[in-house]
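Visitor: This structure is in structure tokens; I'll ask about it shortly.
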Amino acid sequence: MPTLTLYDAVGAALTEEMRRDHNVIAFGEGIATKRHELVDEFGALRIRNTPLAEGIIAGTAVGAAATGLRPVVDLLFAPFLCYAMDELVNSAGKLRYLSGGQFAFPLVTLAMTGAGWGVGAQHNHNVEAWFVHSPGLKVVMPSTPADAKALLKAAIRDENPVLFFLDIGLLYQPGEVPAGEHLLPLGQAAIVRAGRDVTLVSYGKTVHHCQQAADQLASQGIAAEVIDLRSLKPLDEAAILGSVRKTGRLVVVHEANRLCGIGAEIAALVAEQAFADLKAPIVRLGGPDAPIAASYPLEQASVPSAEAIAEAARRLCSH
Amino acid sequence: MTPKPPAKSPQHLLEQMLLIRAYEEAIVNGSAAGKMPGTCTSVGQEAAAVGVVNALAAEDLILTNHRSAGHLLARGADPGRLLAEVMGRRDGYCKGKSGSLHISAKELGVVLTSTIVGAELSMAPGVALSQSMLGRPGIVVCFFGDGAACEGSFHESLNLAALWNLPILYVCENNQWQAFVHRREAMRREHVAEWAAGYGIPARTVDGNDVFAVLEAAQAAATQVRESGRPYLLETLTYRTRGHLEPDDQGYVDKAELAHWLARDPIATSRARLLADGLLTQAQVAAMADKVASHIAVAQAFAEASPFPAAEELTRDVYA
């Protein structure tokens, strides 16, 4: 099986989808510069650099998506999405509904986020939950190159606007990617490790921290089940509930601020629908309610560690 | 259904303006009587809308905003379905989900209407990109006000449209009011068109209360966009003679300024001109008024008879 980084898996998905469908175009801040091989193959009309103006990049994608094209836009870093909120939330997310279904917005917005480069809070801010809270949008954040490729291909073919977050810390980690046509439906979580004692739910780089925690727990006789959500919206509620009904214990882990994060929604979901199966309280591990510092140790400390996850799981299993 | 070729005879321009005025007055009266929600009217701006829309071809696409009645009606929208939409009824153009503020009518080429000031400007380049990349003939017309011109999206939009050679006719309806703030309090220059030169976009300012002047200027502008494949900015100088959102006592409006513009009412002036030129008789004026009144009466009856949307519409059309 070929090995690709997550960054190259994104390029492979773009290449395959642009070959498959002439209406797929990509533009954004430096995309034609950084992915010049796409310009070589598809030409300067379908792969375009843009001004550093996130609002008009996103707005142009919204207008193009509603009228026949399938744009993928690169807005670089997730905090820059603040400049594109009106276009993504008020236009792409609402104008289908407000028009009584007259328009669809098949567009993908790429943005990087997460600890790893010490770029500080104006380049690293895990804002996924903002978009989950906004109707009409889908939200994806893969944890492996294989998933990134398969999910991006599905996102490009989806008729809805998709926010596609790339974890900076995983961007240049290599991983095996199946060659050829391979798609994953949006809204399908993966049970990346089976276990009977405790469920660890996560997405992005903290999936790997959960897997490391599960290794540690296994040596202590605790079998942890690890779920990679992959999509935050739609959320695979059945996978979460099915696992918790089996294990009776839940730790939700993400790098984003714990306050009103995805973990809060998952905890509420389980409390509402699987309360009787719980053997212990639900634990949420998330980032602090603080901007992320550039200083490496502080940046890393904002991310739930494998040790913290294992400790939380052990505590639950002592119940 | 493709849009009908627009009427261009002077009499039809006048009749369209009368229809727009009567439609909006019906909403104002309905709102005052508690039967309809308040809306953002375009009373006083009818010539700007009618002149531009009648310069367009059937395949052209229009983006507009919350003050859209003139654009929609001049494009041939059914006032009954518009009123139904304003009243939140099932037979509205958007199934009653838009209300007055974001009425799109794809079948008429009126797309992506947004009430966020400046959003039409942010989406217009993408619509024009589709037109040019998919080889479609129509140009894109983007209606916005002087308020939107003070948003960043105006400047980003013009920059990108010039850079990418996008076939957009930007139409700034400078109605002197940005919600409850006079244009003079919000921008240094008198005219929005002056900004276009900074982006390398040709522009022209026209008397927006003279429907014939607007039509002529818009025909020339649309032809230039069609032939060059590049953007153009037309600014229509006009005045919002009613408040921002009904009901509005306009206590904040300078009375002398309002009187000046009311004396230049686009309907009264064009009607007087047609009468003076012998293109219209008093009898025809009366017949036209009767025709418009009965059209609006039928529309209002249709809207009032239309049911509210079914409960399941609450969550329908969120995702494709």
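Nothing in this text is a laboratory measurement; each read-out follows from the coordinates by a stated rule. Only a predicted model underlies this, so the values are computations on that prediction, with no experimental measurement involved. Reconstructed Cβ throughout: ideal geometry from the backbone, glycine too, with neighbour counts over all protein chains shown.
Visitor: Checking the condition without any contact (Cβ under 8 Å) to a residue 60 or more places away in the chain and facing chain B (nearest Cβ under 8 Å), which residue from A:L76, A:L38, A:L45 passes?
Guide: A:L45
Visitor: Can you name the condition, by its number, that A:Q102 falls short on among (1) touching a helix residue (DSSP H, G or I) at 6+ places or on another chain (Cβ under 6 Å); (2) surrounded by 24 or more Cβ atoms within 10 Å (Cβ to Cβ)?
Guide: Checking A:Q102 against (1) touching a helix residue (DSSP H, G or I) at 6+ places or on another chain (Cβ under 6 Å); (2) surrounded by 24 or more Cβ atoms within 10 Å (Cβ to Cβ), the one that fails is (2).
Visitor: Say we look at the range B:104-135 and pick out the residues that are without any contact (Cβ under 8 Å) to a residue 12 or more places away in the chain and within 7 Å of chain A (Cβ to nearest Cβ); which of these is nearest to the chain's Cα centre (by Cα)?
Guide: Going through the range B:104-135, the residues without any contact (Cβ under 8 Å) to a residue 12 or more places away in the chain turn out to be B:104, B:106, B:116, B:126, B:130, B:133-135.
This time we only want the ones that are within 7 Å of chain A (Cβ to nearest Cβ), so: B:104, B:106, B:116, B:126, B:130, B:133-134.
Numbers: B:S104: 12, B:K106: 15, B:I116: 15, B:G126: 20, B:S130: 23, B:M133: 27, B:L134: 27 Å.
The qualifying residue nearest to the chain's Cα centre (by Cα) is B:S104.
Visitor: Among A:A111, A:A65, which is the only one that is in contact (Cβ under 8 Å) with a residue 12 or more places away in the chain and assigned to a helix (DSSP H, G or I)?
Guide: Result of the check over A:A111, A:A65: A:A65.
Visitor: Given the range B:144-238, what strands (runs of 3 or more DSSP E) lie entirely inside it while holding 2 or more residues that are surrounded by 22 or more Cβ atoms within 10 Å (Cβ to Cβ) and of a type in the set (K, R)? I'd like the intermediate steps shown before the answer.
Guide: Values: elements: B:168-174, B:203-207, B:232-237.
Filter on the range B:144-238 gives an empty set.
Visitor: Return yes or no: is B:G99 assigned to a loop (DSSP other than H, G, I, E, B), in contact with a Pro (Cβ under 7 Å, 6 or more places away or on another chain), more than 13 Å from chain A (Cβ to nearest Cβ) and surrounded by fewer than 22 Cβ atoms within 10 Å (Cβ to Cβ)?
Guide: Here the answer is no, as B:G99 does not meet what is asked.
Visitor: Could you identify the single residue in B:L258, B:L245 that is over 26 Å from B:V127 (Cβ atoms), within 17 Å of the chain's Cα centre (by Cα) and surrounded by fewer than 20 Cβ atoms within 10 Å (Cβ to Cβ)?
Guide: Result of the check over B:L258, B:L245: B:L245.
Visitor: While we're on this one: Given the structure, is B:G118 crowded, with 24+ Cβ neighbours inside 10 Å, out of contact with any Leu (no Cβ under 7 Å at 6 or more places or on another chain) and at positive phi?
Guide: yes
Visitor: Please give the strands (runs of 3 or more DSSP E) falling wholly within the range A:124-185 in which 2 or more residues are among the hydrophobic types (A, V, I, L, M, F, W, C).
Guide: Ranges flagged: A:138-140, A:162-167.
Visitor: Take B:Q284 and tell me if it is farther than 30 Å from B:G92 by Cβ, away from chain A (no Cβ under 14 Å) and of a type in the set (S, T, N, Q).
Guide: Considered against the rule, which asks whether it is farther than 30 Å from B:G92 by Cβ, away from chain A (no Cβ under 14 Å) and of a type in the set (S, T, N, Q), B:Q284 comes out as yes.
Visitor: Tell me whether the range B:299-314 contains one or more residues that are in contact with a Pro (Cβ under 9 Å, 6 or more places away or on another chain), buried (at least 18 other Cβ atoms within 10 Å of the Cβ) and part of a loop (DSSP other than H, G, I, E, B). Spell out how you get there, then give the answer.
Guide: Of the residues in the range B:299-314, the ones in contact with a Pro (Cβ under 9 Å, 6 or more places away or on another chain) are B:299-300, B:302-303.
From what is left, the residues that are buried (at least 18 other Cβ atoms within 10 Å of the Cβ) are B:299-300, B:303.
Pick out the ones that are also part of a loop (DSSP other than H, G, I, E, B) and you get none.
No, the conditions are met nowhere in the range B:299-314.
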